[in-house]
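Chemist: Before I ask anything, let me first share the structure, which is written out below as structure tokens.
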Amino acid sequence: MTTTPTSAVPRARGSALASERVWDTHQLRFWLATAAFALVPAALLAPILKLAVSPDVPWSAAFAGPAMVFGVTGMIFLLVRLGYPGAEYFKRTLYDFALFEHGVELRDGQGNILGETANATLRVTSVNVRMGQRMVGGIRLDHRAGSFLLLPRPSVAPWSGMSAVPFVAPYCSVPHATYERVLALAT
């Protein structure tokens, strides 16, 4: 699960002060592209390789070598490419988080509103989050379908006297300035 800042997310009430998109890799599209990277060049190179090496080489051997080389190369290329703009075809949106002047809004991957602070369908609570052996400060957004964690970049010290909640997905890392604005809405 990865987050990407979004600037052109359509909203009903003005433009967002900050927004983040939480996405995951669309597995089917990723593996289909990897197969295409492997099979198309291998199919084109197999006859050339068979003639260059020996006509007695079996077709499976002439096809398998290039397929493996191009498959691994294609997979590495796609994995590196996922973090850059333009790779939206391989990404599946899980959540959209947006901060507005009027409050915070959380949407699911299809664009349906999970909750808004403006109409009290989203509650903002400051929490301590247990991350392995350490504890950091965070914000929990409670909506009708569950909870969502906001963690600041860089992390902040935990709140004194407050017990920690376990670190569970879904979550989103936001810049410190955005974290402070959302924290002002906490109950």
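Chemist: Provide a single number: the residues in region 109-147 that are in contact with a Leu (Cβ under 6 Å, 6 or more places away or on another chain) and more than 20 Å from Thr178 (Cβ to Cβ).
Modeler: Final tally of qualifying residues: 2.
Chemist: Being among the small types (Gly, Ala, Ser), out of contact with any Phe, Trp or Tyr (no Cβ under 8 Å at 6 or more places or on another chain), open to solvent by less than 90 Å² (accessible area, probe 1.4 Å) and modelled with pLDDT of 80 or more is true for just one of Ala36, Ala16, Ala43. Which residue is that?
Modeler: Ala36
Chemist: How many residues are open to solvent by less than 70 Å² (accessible area, probe 1.4 Å), out of contact with any helix residue (DSSP H, G or I) (no Cβ under 8 Å at 6 or more places or on another chain) and under 12 Å from Ala33 (Cα atoms) when one looks only at region 70-83?
Modeler: Selection size over region 70-83: 0.
Chemist: Condition test on Ala169, is it within 19 Å of Arg21 (Cβ to Cβ) and not polar (S, T, N, Q)?
Modeler: Against the criterion (within 19 Å of Arg21 (Cβ to Cβ) and not polar (S, T, N, Q)), Ala169 qualifies.
Chemist: Would you check which residues across region 84-118 are open to solvent by 50 Å² or more (accessible area, probe 1.4 Å) and out of contact with any strand residue (DSSP E or B) (no Cβ under 9 Å at 6 or more places or on another chain) and list them?
Modeler: Across region 84-118, the qualifying residues are Tyr84, Gly86, Tyr89, Glu101, Asn112.
Chemist: Select from region 76-102 the residues that are of a type in the set (A, V, I, L, M, F, W, C) and farther than 30 Å from Leu185 by Cβ and list them in ascending order.
Modeler: Scanning region 76-102 gives Ile76, Phe77, Leu78, Leu79, Val80, Leu82, Ala87, Phe90.
Chemist: Take region 148-164 and flag every residue that is of a type in the set (A, V, I, L, M) and either exposed (fewer than 15 other Cβ atoms within 10 Å of the Cβ) or closer than 22 Å to Asp108 by Cβ (or both).
Modeler: Selection gives Leu149, Leu150, Leu151, Ala157, Met162.
Chemist: Restricting to region 46-64, and then to whatever is in contact with a helix residue (DSSP H, G or I) (Cβ under 7 Å, 6 or more places away or on another chain) and either open to solvent by 90 Å² or more (accessible area, probe 1.4 Å) or in a helix (DSSP H, G or I) (or both), can you tell me which residue is farthest from Arg92 (Cα to Cα)?
Modeler: Looking at residues that are in contact with a helix residue (DSSP H, G or I) (Cβ under 7 Å, 6 or more places away or on another chain) and either open to solvent by 90 Å² or more (accessible area, probe 1.4 Å) or in a helix (DSSP H, G or I) (or both), I get Lys50.
Chemist: Residues being farther than 30 Å from Arg153 by Cα and either touching a residue at least 40 places away in the same chain (Cβ under 8 Å) or touching a strand residue (DSSP E or B) at 6+ places or on another chain (Cβ under 7 Å) (or both): count how many of those fall in region 18-58.
Modeler: Counting residues in region 18-58 that are farther than 30 Å from Arg153 by Cα and either touching a residue at least 40 places away in the same chain (Cβ under 8 Å) or touching a strand residue (DSSP E or B) at 6+ places or on another chain (Cβ under 7 Å) (or both) gives 4.
The values are calculated or read from the model by the stated rules, or taken from the named source; none is laboratory data. Fair warning: this is a prediction, and the values are worked out from it, not measured in the lab. Neighbour counts run over all protein chains shown; Cβ positions are idealised from the backbone, glycine included. Surface areas here come from the heavy atoms of the whole protein model, side chains and all, with no ligands, DNA or RNA. Shrake-Rupley method; radii C 1.70, N 1.55, O 1.52, S 1.80 Å.
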